[in-house]
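Chemist: Sharing a structure here in structure tokens format.
The values are calculated or read from the model by the stated rules, or taken from the named source; none is laboratory data. Just so it is clear, the structure is predicted and the values come from calculations on it, not from any experiment. Reconstructed Cβ throughout: ideal geometry from the backbone, glycine too, with neighbour counts over all protein chains shown. These accessible areas exclude ligands, DNA and RNA; they are computed on the full protein's heavy atoms, side chains included. Shrake-Rupley method; radii C 1.70, N 1.55, O 1.52, S 1.80 Å.
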Amino acid sequence: MKATDITQLRLQNQYLASQQFTKPAEIVKWLGAVQAQDYGGAVWALGQRLKGCNSALIEKAFTDGDIIRTHVLRPTWHFVTPEDIRWMLELTAPRVLGFTSFRKRYLGLTDEILLKCAHVLTKALEGGKQLERTAIASVLQQAGIATDEQRFIHIMMEMELTQLVCSGGRIGKQFTYALLEERVPKIPNLSREAALATLAERYFTSHGPATLQDYTWWSGLTVADAKKGLEMVKSELTSDILDGNTYWFRDNGMATGKSTAHLLPNYDEYIVSYKDRSAAIAEKDISKADPRGTIFNNTMVINGQIRGLWKHTFKKNSVVIEVTPFKPLSKAAKDTINSLSKRYAKFLGMKNYSLQL
């Protein structure tokens, strides 16, 4: 296995090299979970992996509850499917709650106060109601619960992680919360053993080739639990070694190696779901991509390698896309980036676009 095999197989397995699915829930289920604290970026992340998709289709899936946005895996939002939300929360929420316990104590969010929050929110949301954040905060304040910004964030994260609430549809551009019990039909749950195996199988099938360390980062599990899950499914996987690291993946046939280019959003699964991101970027370019070294920016990717950054701004019926390559691009590459910009504008439903390159 060469480094280029890793990037090409990841592009293929994440359905960036070619698209198979047409429904948002299908690609979310395939990937297991999709990081989504930047909602607009996460919508574009799904769109690039679907056939004939636009943002309105994904927005409808979100409104209808075909995909749910909640805190799971790590202390951040992800898209998950209704079928997966409960067992994923049961598997990963205890560890996330452990990460946030110190901050909750600092903010004075005792178990008693959080129990009161749960009671107040249940009464406010029951009957299928979906309330915006400002309305939720008002309800809590009326019950005598302080909701400055940090307290509110941690209260609602706790309510999500304990399976009380999840995302409702949006009202305009405002997010809402709904009761998980009412929003997501109950289905038979997985045992903890089955959940460990299922999550590992999902990750290495859709994100491989990847290492155990990559999976531990993405899943938020302890090393012991991540290793246990991998052990249960590794007979179904293929492994290869590069530079002393063992990479696991589903053998779906070697990648085609055809030329690809993408304007990936921040926190895209192609970048964020690996602890070691060196396969996707040359060491000399890491500081250009993100001085923090985390590479959480919008990235221009050509043949699996990060070759620059991009950003966008909106005007009436138009999107302005500004691309900053790490080094000058060929005319063919510029033409490709122009085509990607046009695709992005069309995805957003914009009549016009302009590219600054």
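Chemist: Within the stretch 16-46, which residues are among the hydroxyl-bearing types (Ser, Thr, Tyr) and farther than 18 Å from Leu57 by Cα?
Modeler: Passing the criteria: only Ser18.
Chemist: Pull up the stretch 124-146, narrow it to residues that are among the hydrophobic types (A, V, I, L, M, F, W, C) and in a loop (DSSP other than H, G, I, E, B), then point me to the one that is surrounded by the most Cβ atoms within 10 Å (Cβ to Cβ).
Modeler: Among those that are among the hydrophobic types (A, V, I, L, M, F, W, C) and in a loop (DSSP other than H, G, I, E, B), it is Ile145.
Chemist: So Tyr177 passes all but one of these: (1) more than 23 Å from Arg277 (Cα to Cα); (2) in a helix (DSSP H, G or I); (3) of a type in the set (Ser, Thr, Tyr). Which condition number does it fail?
Modeler: Among (1) more than 23 Å from Arg277 (Cα to Cα); (2) in a helix (DSSP H, G or I); (3) of a type in the set (Ser, Thr, Tyr), the lone unmet condition for Tyr177 is (2).
Chemist: Cβ-Cβ below 8 Å, separation at least six or inter-chain, first residue in the stretch 113-128 and of a type in the set (Ser, Thr, Tyr), second modelled with pLDDT of 95 or more and open to solvent by 20 Å² or more (accessible area, probe 1.4 Å): which pairs?
Modeler: Correct list of pairs: Thr122/Leu164.
Chemist: If you check Gln150, Gln142, Gln213, which single one turns out to be of a type in the set (S, T, N, Q), farther than 15 Å from Glu90 by Cβ and within 20 Å of the chain's Cα centre (by Cα)?
Modeler: On the way: Gln150 fails: within 20 Å of the chain's Cα centre (by Cα); Gln142 fails: within 20 Å of the chain's Cα centre (by Cα).
Among Gln150, Gln142, Gln213, only Gln213 is of a type in the set (S, T, N, Q), farther than 15 Å from Glu90 by Cβ and within 20 Å of the chain's Cα centre (by Cα).
Chemist: Return yes when Asp214 is without any contact (Cβ under 8 Å) to a residue 60 or more places away in the chain and not hydroxyl-bearing (Ser, Thr, Tyr) and no when it is not.
Modeler: Spelling it out, it is not the case that Asp214 is without any contact (Cβ under 8 Å) to a residue 60 or more places away in the chain and not hydroxyl-bearing (Ser, Thr, Tyr).
Chemist: Restricting the search to the stretch 326-335, which residues are open to solvent by less than 60 Å² (accessible area, probe 1.4 Å) and in a helix (DSSP H, G or I)?
Modeler: Correct list: Ala333 only.
Chemist: Do any residues in the stretch 163-179 that are free of Cβ contacts under 8 Å to residues at least 60 places away in the same chain and surrounded by 15 or more Cβ atoms within 10 Å (Cβ to Cβ) have Cβ atoms under 8 Å from those of residues that are hydroxyl-bearing (Ser, Thr, Tyr) and outside any strand (DSSP E or B), where the two are at least six apart or on different chains, and which pairs are they?
Modeler: Correct list of pairs: Leu164/Thr122; Leu179/Thr122.
Chemist: When the stretch 7-29 is examined, which residues are found to be more than 19 Å from Val184 (Cα to Cα), out of contact with any Gly (no Cβ under 8 Å at 6 or more places or on another chain) and either at pLDDT below 95 or open to solvent by 10 Å² or more (accessible area, probe 1.4 Å) (or both)?
Modeler: In the first step, residues of the stretch 7-29 are kept if they are more than 19 Å from Val184 (Cα to Cα); the result is 7-22.
If we keep only those that are out of contact with any Gly (no Cβ under 8 Å at 6 or more places or on another chain) as well, we get 12, 14-21.
Across the stretch 7-29, the qualifying residues are Gln12, Tyr15, Ala17, Ser18, Gln19, Gln20, Phe21.
Chemist: Among Leu109, Leu121, Leu73, Leu89, which is on the phi > 0 side of the Ramachandran plot and surrounded by 21 or more Cβ atoms within 10 Å (Cβ to Cβ)? Reasoning before the result, please.
Modeler: Values: Leu109 fails: on the phi > 0 side of the Ramachandran plot; Leu121 fails: on the phi > 0 side of the Ramachandran plot; Leu89 fails: on the phi > 0 side of the Ramachandran plot.
Going through Leu109, Leu121, Leu73, Leu89 in turn, just one is on the phi > 0 side of the Ramachandran plot and surrounded by 21 or more Cβ atoms within 10 Å (Cβ to Cβ): Leu73.
Chemist: Just one of Gly244, Gly229 is buried (at least 19 other Cβ atoms within 10 Å of the Cβ), small (Gly, Ala, Ser) and over 20 Å from the mean Cα position of the chain (by Cα); which is it?
Modeler: It is Gly229.
Chemist: Name the single residue, out of those in the stretch 286-295 being crowded, with 17+ Cβ neighbours inside 10 Å and part of a loop (DSSP other than H, G, I, E, B), that is nearest to the chain's Cα centre (by Cα).
Modeler: Selected residue: Ile295.
Chemist: It is to be established whether one or more residues within the stretch 312-322 are at pLDDT 95 or above, in contact with a Lys or Arg (Cβ under 8 Å, 6 or more places away or on another chain), open to solvent by 40 Å² or more (accessible area, probe 1.4 Å) and closer than 26 Å to Ala36 by Cβ.
Modeler: Yes; the residues of the stretch 312-322 include at least one that is at pLDDT 95 or above, in contact with a Lys or Arg (Cβ under 8 Å, 6 or more places away or on another chain), open to solvent by 40 Å² or more (accessible area, probe 1.4 Å) and closer than 26 Å to Ala36 by Cβ.
Chemist: I'd like the full set of residues that are open to solvent by less than 60 Å² (accessible area, probe 1.4 Å) and either in contact (Cβ under 8 Å) with a residue 60 or more places away in the chain or in contact with an Asp or Glu (Cβ under 9 Å, 6 or more places away or on another chain) (or both), limited to the stretch 274-285.
Modeler: Passing the criteria: Tyr274, Ala279, Ala280.
Chemist: Let me ask you something else. How many residues are part of a loop (DSSP other than H, G, I, E, B), charged (D, E, K, R) and touching a strand residue (DSSP E or B) at 6+ places or on another chain (Cβ under 6 Å) if we restrict to the stretch 151-174?
Modeler: The total comes to 0.
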